[in-house]
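All remarks here apply to the structure that follows.
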């Protein structure tokens, strides 16, 4: 399997984003977004997904964080799609349950070539460290739309919103790690009865 790295830039009047990923990394990351709690969550994806991740973002945070968070999700999704290439020989599906004290989340990923998000997280408060929890949905929606993946996120229980969010991002990192992992039994073919995981099929 060839090297699975990608760098994508997205520049608009609202944001300037640069994302680099290495799907076969060690979890190292460099994050500069102006949003400390989001960076804490992105760090979970990198470390638990064993994905090297570099994200630099400048956005109109003087208005609010919406554009920046959504565009980071979009650009990360584009980078993941580019790094995955034709997806031949990968496991395709990944899942993880992750607890943190009282909180427990389940995340399931399908590198289907079709974007879809089902996210059910009843956060117990509206912000964490000044970060609007509604923006987590915008992040994941932007990401799945451009990574062309199906993603199911369920927070099964939790009383502490920080714990709820952290279990979601840790579980996503581990589920993604499983899905993108090379499967030696696949013999280098796409894990689909169609013979392809391209969104154009």
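Observations on the structure shown:
- Condition met for residue 69 (touching a residue at least 60 places away in the same chain (Cβ under 8 Å), touching a helix residue (DSSP H, G or I) at 6+ places or on another chain (Cβ under 9 Å) and in a strand (DSSP E or B)): no
- When residues of the stretch 13-23 are limited to those that are in contact (Cβ under 8 Å) with a residue 12 or more places away in the chain and in a loop (DSSP other than H, G, I, E, B), the one farthest from residue 70 (Cα to Cα): 23
- Between 10, 114, the distinction of being more than 14 Å from the chain's Cα centre (by Cα) and assigned to a strand (DSSP E or B) belongs to 10 only.
- The one condition in (1) out of contact with any helix residue (DSSP H, G or I) (no Cβ under 8 Å at 6 or more places or on another chain); (2) closer than 30 Å to residue 7 by Cβ; (3) part of a helix (DSSP H, G or I) that residue 176 fails to fulfil: (1)
- Applying a threshold of 8 Å to beta carbon distances and a minimum spacing of six or more residues, or different chains, the list of pairs starting in the stretch 112-132 at a residue that is surrounded by fewer than 15 Cβ atoms within 10 Å (Cβ to Cβ) and ending at one that is in a loop (DSSP other than H, G, I, E, B) and modelled with pLDDT under 95 reads 114/199.
- Some residue of the stretch 48-57 being in a helix (DSSP H, G or I), within 15 Å of the chain's Cα centre (by Cα) and closer than 25 Å to residue 94 by Cα: yes
Yes/no per residue for (1) touching a helix residue (DSSP H, G or I) at 6+ places or on another chain (Cβ under 7 Å); (2) modelled with pLDDT of 95 or more:
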{"site": "32", "(1), (2)": "no, yes"}
{"site": "44", "(1), (2)": "yes, yes"}
{"site": "79", "(1), (2)": "no, yes"}
{"site": "82", "(1), (2)": "no, yes"}
{"site": "88", "(1), (2)": "no, no"}
{"site": "101", "(1), (2)": "yes, yes"}
{"site": "106", "(1), (2)": "yes, yes"}
{"site": "109", "(1), (2)": "yes, yes"}
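- Selection over the stretch 133-150 of residues that are over 17 Å from residue 108 (Cβ atoms) and free of Cβ contacts under 8 Å to residues at least 24 places away in the same chain gives a count of 1.
- Among residues that are in a helix (DSSP H, G or I), closer than 24 Å to residue 171 by Cβ, more than 12 Å from the chain's Cα centre (by Cα) and in contact (Cβ under 8 Å) with a residue 12 or more places away in the chain, residue 83 is included.
- Pair list, Cβ < 8 Å and 6+ apart or interchain, from the stretch 91-108 residues that are touching a residue at least 12 places away in the same chain (Cβ under 8 Å) and on the phi > 0 side of the Ramachandran plot to residues that are surrounded by 15 or more Cβ atoms within 10 Å (Cβ to Cβ) and outside any loop (DSSP other than H, G, I, E, B): 92/110; 92/179; 101/163
- Considered as a group, the residues in the stretch 15-38 that are closer than 10 Å to residue 58 by Cα and surrounded by fewer than 14 Cβ atoms within 10 Å (Cβ to Cβ) include one that is farthest from the chain's Cα centre (by Cα), and that residue is 34.
- Of all the listed residues (153, 51), the sole one being touching a residue at least 40 places away in the same chain (Cβ under 8 Å), within 15 Å of residue 21 (Cβ to Cβ) and in contact with a helix residue (DSSP H, G or I) (Cβ under 7 Å, 6 or more places away or on another chain) is 51.
The values are calculated or read from the model by the stated rules, or taken from the named source; none is laboratory data. None of these values were measured; they are calculated from a predicted model. Glycine gets a Cβ as well: all are built from the backbone with ideal geometry, and neighbour counts include every protein chain shown.
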